[in-house]
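The values are calculated or read from the model by the stated rules, or taken from the named source; none is laboratory data. Since the model is a prediction, treat every value here as computed from it, not as a measurement. Positions of Cβ are generated from backbone atoms using ideal geometry, with glycine treated the same way; all protein chains shown enter the neighbour counts. Please note that ligands, DNA and RNA were not included when accessible areas were found on the heavy atoms of the full protein model with its side chains. Shrake-Rupley method; radii C 1.70, N 1.55, O 1.52, S 1.80 Å.
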Amino acid sequence: MADRRVKTGTDEARRRMLRLLAAGGGWASLASADIAAHEDGLGNQLLWAVAYKQTAAEFYALCHQAYNLARMRIDLALASRAASDRPLAVITDMDSTILHAMSYWGYLIKQGQDFFDDAIWDEWVPANQITAVPGSLGFFNHCVANGVDVFYVTNRNQGEHTFEHALAHLRHLKFPLDNEDKLFVFRETSDKSPARQKIEETHDVALMLGDNLNDYRRDYYVKDVDERRALMERDRDDWGTKFILIPNPTDGHWVRAIFGTSEPAATDENRRMLKDAATRIAWNGNN
C-alpha cells in the first residue's frame with residue numbers, strides 16, 4: 001500500500017504522496033489530517049518534552065527538589081569541616097543546570113525543527129534570553145554567603161566570543177561570580193574533567209551539579225544505552241550525595257547513546273531511531 005511505503009521516504013516525498021491520496025479519494029480523510037498535522041508542526045518530535053519543560057509544575061518542582069537537596073548537602077559539609085580544612089567548592093554545569101533555554105526550544109518548534117540545531121543555537125546564545133533554573137540562584141547565593149566557592153563549567157563554542165557570552169549569561173541573571181577565573185569554558189571538547197582536576201588542587205569539592213551524567217564523570221561519554229545505564233547503577237550511591245542531577249528531556253549525552261552523536265541530524269533515519277528508542281519496551285497488544 002502506498003500509504004505504508006511512503007513512511008520510508010523523505011518528508012517531502014511523504015507529503016506529495018499524501019496529497020495524491022487525498023486528491024484521489026480512498027484514504028482522503030486520513031491523508032488530509034496527516035498533511036495538516038505535519039505542516040502545522042503538530043507531529044514535531046520535540047512537543048512533549050518541550051511542553052513538559054515549559055508548563056509542568058512537576059518539572060519545576062523537580063528543579064527545586066534538586067536544589068533543596070543540594071543545600072542540605074552543603075550545610076552538612078559546612079557543619080563537619082574544621083577551620084584548618086581547605087576551602088569548600090561547588091562545581092556546576094551551566095546550560096539546563098542553572099540556565100534554561102526555553103525560548104530556544106520554542107523557537108525551534110515554531111520553525112518546524114524537531115532536532116537540536118547548532119547554527120540556531122549559536123545565533124540564540126548572544127540574545128541573553130536565558131532564564132534561571134528554579135532554585136539555582138538561591139542555592140548559589142547560599143553557598144557564597146557561607147564561604148563556599150562556586151565554579152561554573154560549560155562546554156560551548158560560539159567562536160572567539162564564547163567566554164564573553166557565557167560570562168554575560170551569568171551576569172545577566174546575577175549569579176554570584178567574584179572572579180572570572182571561576183568560569184571554565186571548553187570550546188573544543190565536552191570533557192570537563194580538567195576543570196575538576198584544577199579545582200581539586202586548591203579546594204575540597206563538596207558537590208557537583210549537572211543535567212548530564214557526563215558532567216560528573218567522563219565515563220558516561222559512551223554510545224550504548226545499556227552500557228550507560230550500567231555505569232549509572234555502578235555510581236548509584238553518588239546520586240544526591242556527590243552529584244545532583246537536574247532533569248533534562250530534550251538534549252544531552254543520553255542522546256549520544258541512542259544516535260552515536262549528541263546532535264543528530266534531522267533525518268527520517270534518525271526519526272526512526274528515535275521511535276525505536278521510545279519503543280524498546282512496548283506492549284504487544286495481547287494479554
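Among the residues of the stretch 82-106, those that are surrounded by 16 or more Cβ atoms within 10 Å (Cβ to Cβ), of a type outside the set (Val, Ile, Thr) and outside any helix (DSSP H, G or I) comprise Leu88, Ala89, Asp93, Met94, Asp95, Ser96, Leu99, His100, Ala101. Entry remark, the stretch 175-190: residues being more than 13 Å from Val153 (Cβ to Cβ), over 22 Å from the mean Cα position of the chain (by Cα) and among the charged types (D, E, K, R) number 2 in total.
Scanning the stretch 144-176 for residues that are open to solvent by 20 Å² or more (accessible area, probe 1.4 Å) and in a loop (DSSP other than H, G, I, E, B) yields a total of 7. The criterion of at least 1 residues that are of a type in the set (Lys, Arg) and either open to solvent by 70 Å² or more (accessible area, probe 1.4 Å) or farther than 19 Å from Ser190 by Cα (or both) is met by the following helices (runs of 4 or more DSSP H) wholly inside the stretch 218-287: 225-234, 268-278. Taken together, the residues in the stretch 146-170 that are of a type in the set (Asp, Glu) and farther than 23 Å from Leu78 by Cβ amount to 2. Regarding the stretch 193-215, can at least one residue be identified that is out of contact with any Gly (no Cβ under 8 Å at 6 or more places or on another chain), without any contact (Cβ under 8 Å) to a residue 60 or more places away in the chain, among the small types (Gly, Ala, Ser) and closer than 28 Å to Ala265 by Cα? Yes: one or more hits.
Tyr52 falls short of the stated requirement of being at pLDDT 95 or above, surrounded by 21 or more Cβ atoms within 10 Å (Cβ to Cβ) and assigned to a helix (DSSP H, G or I). If you check Thr131, Thr162 for being of a type in the set (S, T, N, Q) and touching a His at 6+ places or on another chain (Cβ under 9 Å), only one passes: Thr131. Among all residues of the stretch 188-205, there is none that is of a type in the set (A, V, I, L, M, F, W, C), within 30 Å of Gln111 (Cα to Cα) and surrounded by 15 or more Cβ atoms within 10 Å (Cβ to Cβ).
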